[in-house]
Amino acid sequence: MINRILPILVFITLLLLALFNSGENISNNYSYSYTSDEPRIIRSIDSIAPSVVGISVINQNNNQSLSWEIKDGIFSPYTNKDSIIKSLGSGLIYSNSGYVITNTHVIQDASDIFVTLSGGRKFKADIVGYDILTDIALLKVDGVNLPVSDFGDSEALVVGQWVVALGNPLGLFDLSYEPTATIGIISGLNIDFGVRNKEYAYRNMIQTDASINEGNSGGPLINLNGEIIGINTFIMTGSNSNQGSIGIGFSIPINRVKDIVHDLILYGEVQRTYSTGLTVKPMNITVQKYLNVPFNNGAVIVDIEKKSTGMIAGLKIGDIILKVDGILINSNEDINTVNRQNFRKAGDQINLEVWRQGEILNIDLELKNYQ
């Protein structure tokens, strides 16, 4: 009996050892997979965090600092009547000479703007310029040898890659003097909101589930290579009464940001004032019959200024503009909307699809600043 039981016991023992070792290997493999990106995350945050700043927009009296209180179980910032914080935001140092990127909506109509660096140094900032259309602003602080970070290519992004949002949510920067980091993935690309409030054009936005809250606006979205790929701008919430993050945040692609910042440094603005010399009116039945047009859409050119780009392009009174850059239009406002959505500025060329006496023409037209 013993001779028969002993091999069975040996078999059971070996089986248990095999299962134990197999489980240990599975556990180790899973652990390795889970932690393999941690060094890259830490290095990326460590390399970019020094160039992230907190921004506070306050009134003329800045003697009082931001305070915090626990009220109804919520830990939240508050100010008194002597120190009114109109808005909180984030920013990114663009150059070691003191240029700082943020969102226009963070600093627009500000009386005073203060920028706090990692470590606690605070500067009063001047507005170099801002572009309402793209919601990008550029500040300048009186600093030297400030830390800057590398920029990535927002055209090379893919859905699913890890990203980190850095910034000043709810003013937490003033408690630690360093940015808060939240991690997630790129949830979507090329998200198009069009023109909002007839001011901001949010197109080709980066969607992320990295937690973004009030105060994160203007801060960077980074990849795990330690590169900035976007500027965090706004979030969606569950309802009008729910102001917290639900994991749907949006960032402006960094390639667009760099283009805007370049113009702000050179000109202090993005030159979006331009003219074509054209006066157009919506199509109506009278014009349709008079010109014998086989359709009722489009915008009719009723006047062209001499020596304007419209005249130089060869456009004529009576031409009917059907499309601008491939988009159907029916009025001058439609043309302006297409140009805003495409971030057009002085010097750009647009393409018109024009109907002229039964023929369809494609004509390039310059948007010229005559000032």
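Structural remarks
- Accessible area in the full protein assembly, largest first, 1.4 Å probe, for 102, 273, 286: 286, 273, 102
- Rg and Dmax of segment 214-371, Cα atoms only, in Å: 20.9, 63
- Applying both filters, DSSP loop and at most 15 other Cβ atoms within 10 Å, to the trypsin sites (Lys or Arg not before Pro) of segment 239-333 gives 306, 307, 316.
- Straight-distance crosslink candidates among aspartates and glutamates, where the alpha carbon sits under 15 Å from residue 289 and sequence neighbours closer than 8 are dropped: 319
- Among the chymotrypsin sites (Phe, Trp or Tyr not before Pro) in segment 246-343, those located in a DSSP loop and surrounded by at most 14 other Cβ atoms within 10 Å of their own Cβ are 295.
- In this calculation the C-beta distance from residue 361 to residue 190 is compared with R0 = 35 Å, giving a FRET efficiency of 0.70.
- Förster radius 41 Å - calculated FRET efficiency between residue 109 and residue 325, Cβ distance, rounded to 0.05: 0.80
- Gyration tensor over the Cα atoms of segment 182-292: the corresponding equivalent ellipsoid has semi-axes (square roots of 5 times the eigenvalues, largest first) of 37, 21, 13 Å.
The values are calculated or read from the model by the stated rules, or taken from the named source; none is laboratory data. Bear in mind that the values here come from a model prediction, so they are computed numbers and not experimental data. We place every Cβ from the backbone using ideal geometry, glycine too, and count neighbours over all the protein chains shown. The protein model used for the area step is the full one, side chains on, heavy atoms only, and it has no ligands, DNA or RNA in it. Shrake-Rupley method; radii C 1.70, N 1.55, O 1.52, S 1.80 Å.
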